[in-house]
1. Go through region 172-188 and give me each residue that's part of a strand (DSSP E or B) and open to solvent by less than 60 Å² (accessible area, probe 1.4 Å).
2. Among the residues of region 160-172, is any within 15 Å of the chain's Cα centre (by Cα), at pLDDT 95 or above and of a type in the set (Val, Ile, Thr)?
3. When you scan region 75-139 for helices (runs of 4 or more DSSP H) that lie fully inside it, which ones turn up with 2 or more residues that are modelled with pLDDT under 85, open to solvent by 10 Å² or more (accessible area, probe 1.4 Å) and not hydroxyl-bearing (Ser, Thr, Tyr)?
4. What is the residue count in region 1-24 for residues that are modelled with pLDDT of 90 or more and not hydroxyl-bearing (Ser, Thr, Tyr)?
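The values are calculated or read from the model by the stated rules, or taken from the named source; none is laboratory data. What you see is a predicted model, and the numbers here were worked out from it, not measured in a lab. Only protein heavy atoms, including side chains, enter the accessible area calculation; ligands, DNA and RNA are left aside. Shrake-Rupley method; radii C 1.70, N 1.55, O 1.52, S 1.80 Å.
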Amino acid sequence: MALRGSANGARESVVLVHGLWLGGWSLALLARRLARCGFDTYPYSFPTCRLDLRENAARLHAFAARVPGDVVHFVGHSLGGVVIRATLHGVDLNRPGRVVTLGSPHGGSAAAVQVGRTAFGRRWLGRSIGALLAGEARGLRPVRREIGVIAGSVPLGLGRLFVRHDEVNDGVVTVTEAGLAEASDSIVLPTSHSGMLVSRAVATQVCVFLRTGRFRH
């Protein structure tokens, strides 16, 4: 669903979705910064390992359906961005809004592939990442919303323990892996994978995209 700037006088909410092994607490600072931009924020917590991608998508859809507001945006960090796409896959809410993903491995993850080569690694990553590695995310239909993609260029993260990236990356996900063909706009910022959660620049760009449908380049 396309929006023309901010809905005039409308109440705008943002559902924030965390990444692997984290919880809603990890989104607290970003939520506060988005609230200062005028959004009502609703961090969402989900079991990143126990449930698969489809199950987590169904739970997020049920949560978002209860969020108040005339406009409902989504912001997802890492795995959270892929869960958002799975949530809106063919079944959107009856309210408009935009989506921003932060370091989400839409194109897969070389680091996760390496970890998943052992049974212990697969259990550690969980079922949602397992679905991602199996290519489930690549089969998702394009979301009927404007999507903004933020990638990082500071290579600090656990991914460096498992794979050596030959291209710009945030320590876990490369710029290519974070890319999404259907995105309305994308930007690379000087931040690491986890650093996106506390970066003021990231929060500012999220606010700009949710308001305008484009980043500030």
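1. Correct list: Thr174, Asp185, Ile187.
2. no
3. Where helices (runs of 4 or more DSSP H) fall fully within region 75-139 and carry at least 2 residues being modelled with pLDDT under 85, open to solvent by 10 Å² or more (accessible area, probe 1.4 Å) and not hydroxyl-bearing (Ser, Thr, Tyr), they are 110-115, 119-133.
4. Residues that pass the stated criteria total 7.
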